[in-house]
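The structure under discussion appears below in the form of structure tokens.
The values are calculated or read from the model by the stated rules, or taken from the named source; none is laboratory data. Computed from a predicted structure; not experimentally measured. Every residue, glycine among them, receives a Cβ derived from its backbone with ideal geometry; neighbour counts consider all protein chains shown. Side chains included, ligands, DNA and RNA excluded: accessible areas come from the protein's heavy atoms. Shrake-Rupley method; radii C 1.70, N 1.55, O 1.52, S 1.80 Å.
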Amino acid sequence: MSRTPSTPPPPPINLALQGGGSHGAFTWGVLDALLEDGRLSFEGISGTSAGAMNAVALAHGFAQARLHGHGDGRDAARESLAAFWDGVIAMGALGEAQRAPFGFLFGPVDEDSSPAAPWLDAMSALWTSTVSPYQVNPFDINPLRSFVASRIDFEALARPGLAPKVFVVATRVSNGKAEVFSGTRLSVDAVMASACLPTLFKAVEIDGQHYWDGGYSGNPAIHPLIYQCSGRDIVLVQINPIERETLPTSSAQILDRLNEISFNAALIAEMRAIDFVKRLLAEGKVDPTHYKDVLMHRIDGGETLEAFSASSKSSTRASLIHQLRDLGRSHAQDWLRQHFKDLGQRSSVDIKRDYLDDLRLPIRGG
């Protein structure tokens, strides 16, 4: 959709991209639709794990286009994202990485064709809970690292003005705090740290510190988009459901749901802080020149992504990746139709309803 000359452009938006293995292909579809629309510009992108990979792939496209004078960068960003995910499909990188320790012994599982897949998933959960990656993967084999290094020009991403600002989040093992890598600190090691599940890979060492998956401390981290970017609009692309109606009963399902809850905890905490500041601003209790009234928006798979098992996050089948991409495109197009007008004007997410705990104690008569 093109913007007419008489229509003022919307303010730049900031993107917050969750991690979730191969389900990050949903985010690819969302980004592809936003870029294709043509009306949006991007100031900053915060990403964790697969979200970090989507962030650097998008920014790489912008940077290369501007380095070589190839348009405004939107088409190049779309091509960069497509090339990244096509490469993931071709090499099975995410699937190999996610199942690496178990796969070293039994080989990869095709969850659609193997009748033993549920049993193997359960055994994989048991294996990763009892065996350290320092034992089963002593050489820290991770084909995804060389793949990311070959695809992304990190030096170009560090040059101001070539691409949106990128913020990649990892968890420092020593204190459990989130650490944000950006600018000259953004590197292939930072991206791999952001995606380092501690049951599968050795901690990633950067400047003498060790890091695990960023999902434990920020999935994604929103604070860099508030404090390091000027725009008020933040669009969260959420692929880990806050709520699931089905009770997990198998060991694999229980572990998957525990991971989802853990990886959403930091997001819920940040949403709580954003809501608190917004209420203080509305009540005139804080100085608006020192606190930003953030406008939150969300594009998520909702019930659609709930239909995909958590084990599918480690599958790189082309049919699954393309199905998730198409779902992301569809959801983004729906969001644009419904909420494009809200940009710069109002939040389109009910933070209190969707993210805040109900801590009211029940009053019992007697």
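Observations, loosely collected:
- Set of lysines with alpha-carbon distance to residue 352 below 23 Å, sequence-local pairs under 8 removed: 278, 285, 292, 341
- Computed from backbone phi with θ = phi - 60° and the Karplus coefficients 6.51, -1.76 and 1.60, the 3J(HN,Hα) list for the stretch 275-282 is 4, 4, 5, 4, 5, 5, 5, 4 Hz; x is used for glycine and proline.
- The alpha-carbon of residue 202 sits under 22 angstrom from the alpha-carbons of these lysines, leaving out residues fewer than 8 places away in its chain: 177, 313.
- Here is the P(r) of the stretch 211-253: all C-alpha pair distances, binned every 5 Å from 0, give 5, 14, 17, 19, 17, 13, 6, 6, 3, 0 in whole percents.
- In a DSSP loop and with at most 15 other Cβ atoms within 10 Å, the trypsin sites (Lys or Arg not before Pro) in the stretch 132-231 are 177.
- Of the trypsin sites (Lys or Arg not before Pro) found in the stretch 240-276, the ones in coil according to DSSP and having at most 16 other Cβ atoms within 10 Å of their Cβ are 244.
- Equivalent ellipsoid semi-axes, the stretch 128-264, via Cα gyration tensor eigenvalues times 5, rooted, Å: 27, 22, 13
- Apolar share of the accessible surface for the stretch 143-250: 50 percent from carbon plus sulfur atoms, 1.4 Å probe.
- The stretch 307-337: trypsin sites (Lys or Arg not before Pro) in DSSP coil with no more than 16 other Cβ atoms inside 10 Å: 317
- Mean Cβ neighbour count within 10 Å, used as a protection proxy, ranking 190-197, 219-226, 345-352 highest first: 190-197, 219-226, 345-352
- Cα gyration tensor, the stretch 234-355 - rounded (a/c under 1.5), prolate or oblate: oblate
- Heavy-atom accessible surface of residue 189, to the nearest 10 Å², is about 50 Å², with a 1.4 Å probe and all protein chains retained.
- Distance cut-off 14 Å, percentage of C-alpha pairs in the stretch 187-239 lying past it: 61 percent
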